[in-house]
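Working notes, structure below.
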Amino acid sequence: MTEKKLHKHGGKSSEAVLDAKRVLSSIKLVEGEVFMDSGCGDGFISRTASQIVGSKGKILAVDQYSPSLDVLRDKVKKEGIRNLEIIEADLTRKLPLEDEMVDLCLMANVLHGFYYNQELDQVIPELLRILKNGGRLAIVEFKKIEGTPGPPLSSRITAEDVNSALESRGFKSQEELEVGPYHYAVVLIKK
Ligand SMILES: C[S@@+](CC[C@H](N)C(=O)[O-])C[C@H]1O[C@@H](n2cnc3c(N)ncnc32)[C@H](O)[C@@H]1O
């Protein structure tokens with residue numbers, strides 16, 4: 001039997017190369033929204049998002065890697081953050097979340113793994129289920145440019161890859177943005 005070579009999802013935080021405030025203002029997160037950080041890692045983006053959505057909003061920080069979630073849990077406690085829920089879950093399976101409860105879902109430096117592992121048909125229908133009608137999905141990925149920080153070029157995906165994968169799975173592409181020196185974002189709307 002030949003073994004399928006899967007992309008190994010890294011647990012590395014991108015905090016050193018990605019400005020959470022810039023990402024969140026570019027993708028237009030606003031006060032009062034329910035924001036899901038899918039594959040949040042150590043949650044540096046979730047923590048910034050918690051300040052933006054405020055007490056009327058909510059952050060759902062989802063990851064399957066408990067050591068990263070422990071780091072986030074400590075910081076949430078120390079910083080007295082009260083609007084952030086940590087959810088240990090596998091994004092390729094049914095999520096412990098109700099239908100149509102999320103305004104904006106972010107996936108930062110995560111989608112390329114599902115793309116190369118051919119897991120999109122497990123992951124995307126769940127995102128569609130938990131997003132409100134007209135809800136947004138923001139994909140942030142490393143630009144596929146030689147000589148820049150990030151995973152090997154063979155593991156990266158372009159904005160065109162993101163658009164074609166998600167437009168055929170229930171999303172409509174809305175805009176492409178530059179969100180840092182090494183990152184782009186694609187914002188899509190649930191159709
Ligand atoms: C490269 S890290 C990015 C973390 C964070 N978003 C950032 O930009 O710093 C990828 C994250 O996705 C998470 N991840 C990968 N596959 C997952 C899955 N099937 N379910 C939940 N989390 C997953 C990993 O545990 C890891 O924390």
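The values are calculated or read from the model by the stated rules, or taken from the named source; none is laboratory data. Predicted, not measured: the structure shown is a model, and the values here were computed from it. All Cβ positions, glycine included, derive from the backbone under ideal geometry; neighbour counts span all protein chains shown. The area values use the complete protein model at the heavy-atom level, side chains included, leaving out ligands, DNA and RNA. Shrake-Rupley method; radii C 1.70, N 1.55, O 1.52, S 1.80 Å.
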Proximal charge balance of Ser26 [Cβ under 11 Å; K/R count +1, D/E count -1]: -1
Cα-based Rg/(2.2 N^0.38 Å) for the chain, rounded to two decimals, is 0.96
Pair-distance profile P(r), taking every C-alpha pair of segment 91-191, with 10 angstrom steps and integer %: 16, 50, 28, 6, 0
Express the carbon and sulfur contribution to the solvent-accessible surface of segment 1-159 as a percent, rounded to the nearest whole number, probe 1.4 angstrom. 49
Karplus 3J(HN,Hα) series, Hz, for segment 47-59 with 6.51 cos²θ - 1.76 cosθ + 1.60 (x for Gly, Pro): 5, 5, 4, 5, 6, 6, 6, x, 6, 7, x, 8, 10
Considering only protein heavy atoms, what per residue accessible area in square angstrom results for segment 20-190 with a 1.4 angstrom probe? 45
Please list, ordered by chain and number, the residues whose modelled amide H lies under 5 Å from the amide H of His183; skip anything fewer than 5 residues away on the same chain. Lys143
The distance between the Cα centres of segment 149-191 and segment 52-101, in whole Å, is 23
Label Glu85 and Arg129 with points 7 Å out from Cα along Cα→Cβ: what is the distance between them in nm? 1.5
Check which residues have an amide H placed less than 5 Å from Val102's amide H, if you skip close sequence neighbours. Leu131, Lys132
